[in-house]
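Bear in mind that the values in this text are calculations on the coordinates, not laboratory data. A quick note: this is a predicted structure, and the numbers were derived from the prediction, not measured. Neighbour counts are summed over all protein chains in view; Cβ atoms, including those assigned to glycine, are modelled from backbone coordinates with ideal geometry.
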Amino acid sequence: MAAKVVEIDFSQLSSFLDQMEVARNGALKQEMKKFIEEIGDGFLKIVVEEIILREVVDTRLLLNSFQKGSSDGIWIIKDGGLTLEIGTNVEYATFVNDGHWTNPKGVDTRWIPGYWNGDKFTYVPGAETGMLLRQKWVEGRHFWEAAIRTMEKMLPGIMEAKISEWLHGYLGL
């Protein structure tokens, strides 16, 4: 009886393993780093849009601090580029976002020197004119939380598209 031979073509498996090796040797990690930065840039744009939408902007210091590379901004990449921290160093950002009392605890009123120009007040140390602040709560604008909610709604679709792109590009799936 003649020998029966089964031929198995492993060329696709070999190609798959070659693609996995390329991905493992840094190409995919570099893509992931780039993607994380793109997500960060997108989030910063959303924060800026929320600040504008909520009419928080006055001197533009807060608004401009949410720019990549801003001296007042926080843009820290760590864990080999797979973690990104975004924020601001502008001192009053948390007051604007979360809300605040107009005066320190236990102080009912305080004098702020300066002058009014229409509906805008300009602080001028030592001025004889000014305004008297009474203790009250100033509600926060919650721009940060709004930006997070927006990003959380968008992220699943963005992630799905990117993972699909990587699977197609690296594995041919």
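So for the pair Asp98, Glu85, with labels modelled 7 Å out along Cα→Cβ, what separation do we get in nm?
Roughly 1.7 nm, to one decimal.
Tell me, how many Å apart are the Cα centres for the range 27-90 and for the range 102-173?
Cα centroid to Cα centroid, the span is 14 Å.
Name the most mobile residue of Asp79, Asp119, Asp18, meaning the one with the largest mean-square fluctuation, in a Gaussian network model of the chain with Cα contacts below 10 Å.
Largest GNM mean-square fluctuation: Asp119.
To the nearest 20 Debye, how big is the dipole of the chain about its Cα centre, given +1 on the beta carbon of each Lys and Arg and -1 on that of each Asp and Glu?
Numbers: 19 positive and 25 negative charges, 78 e Å.
Dipole magnitude for the chain comes out near 380 debye.
Label-point separation (nm) for Met151 and Trp116, each offset 7 Å from Cα along Cα-to-Cβ?
Distance between label points: 4.0 nm.
Suppose the chain between Glu55 and Glu160 were pulled fully straight at 0.36 nm per residue; how much longer would it get relative to their current alpha carbon spacing? Walk me through the intermediate numbers first.
On the way: separation 105, 0.36 × 105 = 37.80 nm, distance 3.34 nm.
Difference between extended and current length: 34.5 nm.
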